[in-house]
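Trainee: Have a look at this one before I ask anything.
The values are calculated or read from the model by the stated rules, or taken from the named source; none is laboratory data. Values in this document were obtained by computation on a predicted structure and should not be read as measured data. No Cβ is skipped: glycine too gets one built from the backbone with ideal geometry, and neighbour counts run over all protein chains shown. For the accessible areas, the whole protein counts, side chains as well, though only heavy atoms, and no ligand, DNA or RNA atoms are used. Shrake-Rupley method; radii C 1.70, N 1.55, O 1.52, S 1.80 Å.
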Amino acid sequence: MSCEVTTPKAPKAPKAPQAAKPAVEPLFSPQLIRLLMAVLGSGLSMYLLTSVVPLYLATNGSGGIGAGLSTGAMMLSAVAVELAVPRMLARFGYRDTLALGLILLGLPALLLPLSTSLPLVLAVCLLRGAGLAILVVGAVALIAEVAPAHRRGEALGMYGVVVGVPAVAGLPLGVYLVDHIGFTGVFILGALTSLAGLTMIPGLPTTPTHTQLKQHTNVLKGLKNSGLLMPAGVFAAVTVAAGIGVTFIPLAVAEGKHSVIVTALLIQAAAAPLARWLAGRYGDRHGARRLLLPSVLLATLGAGSLVFVQHTTIVFIGMLLFGLGFGAAQNVTISIMYERVEPNRYGQVSALWNLAYDAGWGVGAIAFGAVVAGTGYPTAFALTTGVLLIALVRVCVDGPISPRGPRLSAAPELPESA
C-alpha cells in the first residue's frame with residue numbers, strides 16, 4: 001500500500017485591480033444648451049443686420065462714410081459697455097444681465113423702418129451695440145463656468161459654431177432678403193430673433209459661482225505682465241479686417257452682383273465656425289498656442305486677396321482663407337487668455353477679449369470708410385493687410401509656442417475619441 005503525499009496548491013495571487021479610466025465629463029449640460037440657444041437667436045439678429053444696415057444707409061445717400069459709421073457706432077458702443085459688464089454680472093447675475101442684452105439688441109431694430117436719417121440709424125446702432133456687449137461678455141464668461149475645465153476649448157469651439165451658424169445664414173441671407181421682403185422685413189426679423197432668446201433665460205444660473213468675481217470687475221486692472229495683452233492685441237488686428245470685410249464687400253463688388261456678395265459672405269461665414277471648433281479640439285489636446293501663428297497667417301493671406309476685389313474667384317478664395325484664419329484666431333486667443341488667469345478672472349478675460357473684438361471691428365470700419373473715399377477699395381484693402389502683417393510680426397517676435405504668463409488651468413490629456 002503506497003502513501004501519496006499531496007502537495008497543496010498555492011492559492012492564486014489576486015489580479016491587480018485595473019486603474020479606472022478617468023470619466024470624461026459630458027460637454028453639454030442643460031444650462032449650456034439653454035445658453036447656446038439664446039446665443040443662437042441673438043447671433044441671428046446680429047448677423048442679419050450686419051451687412052444690411054450699411055447697405056440701407058448707402059442706398060439712401062449716406063455713402064461709404066455712413067456705412068462705416070453704422071458699423072463703427074455699434075462696435076464702439078459695445079466697447080464702452082463691455083468695460084461695465086463684469087460689474088453688472090457681479091451685481092445683477094447672469095439671468096437679468098443677459099435678458100437686458102437680448103432686449104437692447106433686438107427691440108431698437110424696430111425703429112429702423114421709421115426713417116433713413118443717419119442720426120436715428122446711428123442711435124439704433126449704439127443701443128444694439130450695448131446689447132451685443134452684454135451678450136458676448138456674459139455668454140463667454142458663463143461658458144467658462146459651466147463647461148468642464150479640461151474641455152473648455154471644445155466648449156468655446158461649440159459656442160463658436162453656434163455663433164457661426166447665424167453668421168453662415170444671416171450675413172448672406174440679410175442681403176438676399178432685402179430683394180424679397182425689403183429692408184423693413186429684415187429689420188423686423190432681426191428684432192424678433194433676438195427677443196425670442198428671452199425664453200431661454202429662466203434656466204440659466206442667477207449669480208456667478210466664483211465668489212471672488214467682484215475683485216476683478218475692473219477690466220483693465222492687473223493686465224501688466226499678465227500675458228493677456230499680446231493675444232488680445234493680435235486678435236484686435238484680425239477683427240479689423242473682419243469688420244471691414246463684412247461691411248464693405250457688399251459695396252466694393254460691382255453693382256448688380258448680389259450673387260457674388262452673398263457667396264463671398266457665405267464662404268467666410270461657413271469657414272470661421274468650422275475652424276473655431278477644430279482649433280478648440282486641437283488646443284485641448286496639444287495646446288492652443290501652436291495655432292496662433294498659422295491662424296494669423298491665413299487671415300493675412302485672405303485679407304490681402306481683397307486687393308483684387310473685382311476678380312470673383314480670388315475674392316472667393318480669399319474669403320475662405322480669411323474665414324479659416326479668423327475662426328481659428330477666435331478660439332486660440334481666448335483659450336490662451338483663459339489659461340493664464342485664475343477662474344475668478346473669467347469675466348475680466350471675457351470682457352477684454354470682446355473689447356479687442358469690437359474695438360478692432362468698429363475702428364477698422366470707421367477708418368476704412370474715411371480712407372476709401374480718397375484711395376479707392378484696392379488701396380484701402382492693401383492698408384488693411386498691412387495691419388495684419390504687423391500682428392504677424394508681433395506673433396513671431398513673441399513666439400507662438402512659448403507662453404508669456406503662467407498656465408494656470410492645465411488640463412489632463414484627453415483621449416482622441418472624447
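Trainee: Which of the numbered conditions does M74 fail, given that it passes all the others? Conditions: (1) assigned to a helix (DSSP H, G or I); (2) out of contact with any helix residue (DSSP H, G or I) (no Cβ under 8 Å at 6 or more places or on another chain); (3) open to solvent by 10 Å² or more (accessible area, probe 1.4 Å).
Mentor: (2)
Trainee: Just give me the residues in the stretch 283-320 being open to solvent by 50 Å² or more (accessible area, probe 1.4 Å) and either touching a strand residue (DSSP E or B) at 6+ places or on another chain (Cβ under 9 Å) or hydrophobic (A, V, I, L, M, F, W, C) (or both), in sequence order. Let's see the steps before the verdict.
Mentor: Filtering the stretch 283-320 for residues open to solvent by 50 Å² or more (accessible area, probe 1.4 Å) gives 286, 290, 293-294, 297-298, 301, 308, 310-311, 313-314, 316-317, 320.
The answer is L293, L297, L298, L301, F308, I314, F316, I317, L320.
Conditions (1) under 30 Å from R281 (Cα atoms); (2) touching a helix residue (DSSP H, G or I) at 6+ places or on another chain (Cβ under 9 Å); (3) modelled with pLDDT of 85 or more, marked per residue:
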site: F308; (1), (2), (3): no, yes, yes
site: F316; (1), (2), (3): yes, yes, yes
site: G325; (1), (2), (3): yes, yes, yes
site: Y338; (1), (2), (3): yes, yes, no
site: P343; (1), (2), (3): yes, yes, no
site: Y346; (1), (2), (3): yes, yes, no
site: A351; (1), (2), (3): yes, yes, no
site: A359; (1), (2), (3): yes, yes, no
site: A370; (1), (2), (3): no, yes, no
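Trainee: Looking at the stretch 177-228, which of its residues are farther than 27 Å from L100 by Cβ and either modelled with pLDDT of 85 or more or surrounded by 22 or more Cβ atoms within 10 Å (Cβ to Cβ) (or both)?
Mentor: L177, V178, D179, H180, I181, G182, listed by residue number.
Trainee: Still on this structure, please answer the following. Which members of the stretch 342-383 meet the condition of being open to solvent by less than 20 Å² (accessible area, probe 1.4 Å), under 20 Å from the mean Cα position of the chain (by Cα) and not aliphatic (A, V, I, L, M)?
Mentor: Answer for the stretch 342-383, where residues must be open to solvent by less than 20 Å² (accessible area, probe 1.4 Å), under 20 Å from the mean Cα position of the chain (by Cα) and not aliphatic (A, V, I, L, M): Y346, G347, Q348, S350, W353, N354, D358, G360, W361, G362, G364.
Trainee: Same structure again: I'm checking my understanding of the structure. Among residues of the stretch 232-282 that are among the charged types (D, E, K, R) and either assigned to a helix (DSSP H, G or I) or under 15 Å from the mean Cα position of the chain (by Cα) (or both), which one is farthest from H150 (Cα to Cα)?
Mentor: The selected residue is R276.
Trainee: Kindly establish whether A329 is open to solvent by less than 10 Å² (accessible area, probe 1.4 Å) and modelled with pLDDT of 90 or more. Please lay out each step first, then the result.
Mentor: Values: open to solvent by less than 10 Å² (accessible area, probe 1.4 Å): yes; modelled with pLDDT of 90 or more: yes.
The answer is yes for A329.
Trainee: Next question. Give the stretch 41-56 a look and list any residue that's closer than 18 Å to A139 by Cβ, among the small types (G, A, S) and buried (at least 24 other Cβ atoms within 10 Å of the Cβ), or say none.
Mentor: To start, the set of residues in the stretch 41-56 that are closer than 18 Å to A139 by Cβ comprises 41-47, 50.
Narrowing further to those that are among the small types (G, A, S): 41-43, 45.
Selection gives S42, G43, S45.
Trainee: Could you run through the stretch 368-378 and say how many residues are out of contact with any Leu (no Cβ under 9 Å at 6 or more places or on another chain) and touching a residue at least 12 places away in the same chain (Cβ under 8 Å)? Break it down into steps so the answer makes sense when it comes.
Mentor: Initially, the stretch 368-378 is screened for residues out of contact with any Leu (no Cβ under 9 Å at 6 or more places or on another chain), giving 370, 373-374, 376.
So of that shortlist, the ones also touching a residue at least 12 places away in the same chain (Cβ under 8 Å) come out as 370, 373.
Counting residues in the stretch 368-378 that are out of contact with any Leu (no Cβ under 9 Å at 6 or more places or on another chain) and touching a residue at least 12 places away in the same chain (Cβ under 8 Å) gives 2.
Trainee: OK, next. Just one of (1) in a helix (DSSP H, G or I); (2) open to solvent by 70 Å² or more (accessible area, probe 1.4 Å); (3) of a type outside the set (S, T, Y) trips up F28, so point out which.
Mentor: (1)
Trainee: Being surrounded by fewer than 21 Cβ atoms within 10 Å (Cβ to Cβ) and either among the small types (G, A, S) or at pLDDT 80 or above (or both) is the filter here, so list the residues in the stretch 244-261 that pass it.
Mentor: A254, G256, S259, V260
Trainee: Can you find a residue in the stretch 103-123 that is part of a helix (DSSP H, G or I), surrounded by fewer than 20 Cβ atoms within 10 Å (Cβ to Cβ) and either hydroxyl-bearing (S, T, Y) or within 22 Å of the chain's Cα centre (by Cα) (or both)?
Mentor: Within the stretch 103-123, one or more residues are part of a helix (DSSP H, G or I), surrounded by fewer than 20 Cβ atoms within 10 Å (Cβ to Cβ) and either hydroxyl-bearing (S, T, Y) or within 22 Å of the chain's Cα centre (by Cα) (or both).
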